[in-house]
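Encoded as structure tokens, the structure appears first; notes follow it.
The values are calculated or read from the model by the stated rules, or taken from the named source; none is laboratory data. The structure displayed is predicted, hence computed values, not measured ones. Glycine gets a Cβ as well: all are built from the backbone with ideal geometry, and neighbour counts include every protein chain shown.
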Amino acid sequence: MKQHNKRKEQQFGLCGQQKDMKKFLKEFKQFAVRGNVMDMAVGVVIGSAFTAIVTSLVNDIISPLVGLLVKTDFKDLVIQVGNVAIAYGSFLNAVVNFLIVALVLFCIIRAINRMHEIGHKGKEEPAPAETKICPYCQSEISVKATRCPHCTSQLE
Ligand SMILES: [Zn+2]
């Protein structure tokens with residue numbers, strides 16, 4: 001009899017574990033397919049692709065063009081302090097690079113916002129009214145009606 005009870009307990013224990021596992025998997029599924037996780041994944045992927053575009057635009061096109069006009073490579077600027085080399089030129093390069101990236105990004109965002117505005121302006125034209133309110137019974141009726149279908153009043 002004692003042994004039987006023990007076996008039963010074991011069975012219950014197993015059942016509990018399976019239930020926990022199921023709950024765990026269910027929670028994991030909810031977490032993984034939750035809308036904002038997917039949105040975030042898309043955002044990260046698009047973001048890194050966008051980064052590649054901006055980096056290439058800056059490194060391959062803008063920076064060489066700027067380099068034609070002014071010397072923008074300060075790599076050689078180094079101060080020797082004792083045995084330590086302070087490569088402040090590299091730091092300047094990083095700053096200039098950041099400014100160019102920020103400027104390019106600003107121009108791209110501005111262009112995108114402009115396009116947004118143009119797209120919205122086209123849509124925001126109000127549709128011509130198809131209904132009016134009868135001044136006698138306040139019902140909504142066709143704008144072309146000369147007589148109200150609700151209260152039969154003559155309209156101008
Ligand atoms: Zn009416």
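A few remarks follow.
- Verdict on L77 being over 37 Å from the mean Cα position of the chain (by Cα) and within 16 Å of the ligand (Cβ to nearest atom): no
- Within the stretch 59-81, the set of residues being in a helix (DSSP H, G or I), β-branched (V, I, T) and modelled with pLDDT of 85 or more comprises just one member, I61.
- Flag for A85 being closer than 30 Å to V143 by Cα and outside any helix (DSSP H, G or I): no
- Considering only residues in the stretch 136-156 that are among the β-branched types (V, I, T) and in a loop (DSSP other than H, G, I, E, B), the one that is nearest to the ligand (Cβ to nearest atom) turns out to be T152.
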